[in-house]
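Here the structure comes first, spelled out in structure tokens, and everything after it is commentary.
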Amino acid sequence: MKHKDGVTTNQIAEFHRSHKIFGLRAKQELKRAERYCEFLSLVIIDITSLSKFTEKTNKITKKTQGLQRNLEDMVREGVRETDIVSQFENNRLALLLPETPKEGADCAYKRLKEEIKAFASSFFRIPQEWEAPAEIVSFPDKEDGRERFLAFAQRFELG
């Protein structure tokens, strides 16, 4: 989709792929959520445990790189256009879900976790019980929701 200024949705998505830019955007969205009293959720998915099933080498294989890019594309297609998806860095990918409470983020993750598992099993031999763990934080959530959300965003931004 092309915006009136000539920028495509893909160009915007590409811009937010870097973890540093994603982390800055998460902080910006938190300020927006506070100002308008809206929900905001952050999901960080970690596929580090897949390395047990990949080739035993110190280099990142083309197969693993292809898996990560394809997984990223699959996740991007599986969320709303307004959701923001980072790239994989250090085997972690994040989703920023505006106007989404924790329950909605949990549902999105449960759906994506099954898709990720099925997709990864087409690349590698993985055990039936394997799943990509995730951390989910939402705003507002409990009394320290803002601080907790900021800590997650900053930790992700810094790698």
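Close amide-amide hydrogen proximity is noted between residue 141 and 146, each under 5 Å apart and 5 or more residues distant or on a separate chain (H modeled in the peptide plane; Pro and chain starts excluded). Computed 3J(HN,Hα) for region 102-107, one whole-Hz value per residue from the Karplus formula 6.51 cos²θ - 1.76 cosθ + 1.60 where θ = phi - 60°, is 4, 4, x, 5, 4, 5, glycine and proline marked x. Taking each of 20/102; 52/110; 27/52 in turn, the alpha-carbon distance tops 28 angstrom for 27/52. The alpha carbons of region 90-159 give a radius of gyration and a Dmax of 14.2, 43 Å, in that order.
Summing Lys, Arg as +1 and Asp, Glu as -1, what charge do residues with Cβ under 14 Å from the Cβ of residue 32 carry, residue 32 excluded?
Details: positive: 25, 27, 31, 35, 146; negative: 29, 34, 38, 99.
The answer is +1.
Here is the list for region 67-159: trypsin sites (Lys or Arg not before Pro) lying in DSSP coil, each with at most 14 other C-beta atoms within 10 angstrom of its C-beta, are 80, 125, 142.
None of the figures in this text is laboratory data; all of them are computed from the coordinates on show. This structure is a prediction, so every number in the text was calculated from the model and none was measured. FYI the Cβ positions are ideal-geometry reconstructions off the backbone, even for glycines, and counts take in every protein chain you see.
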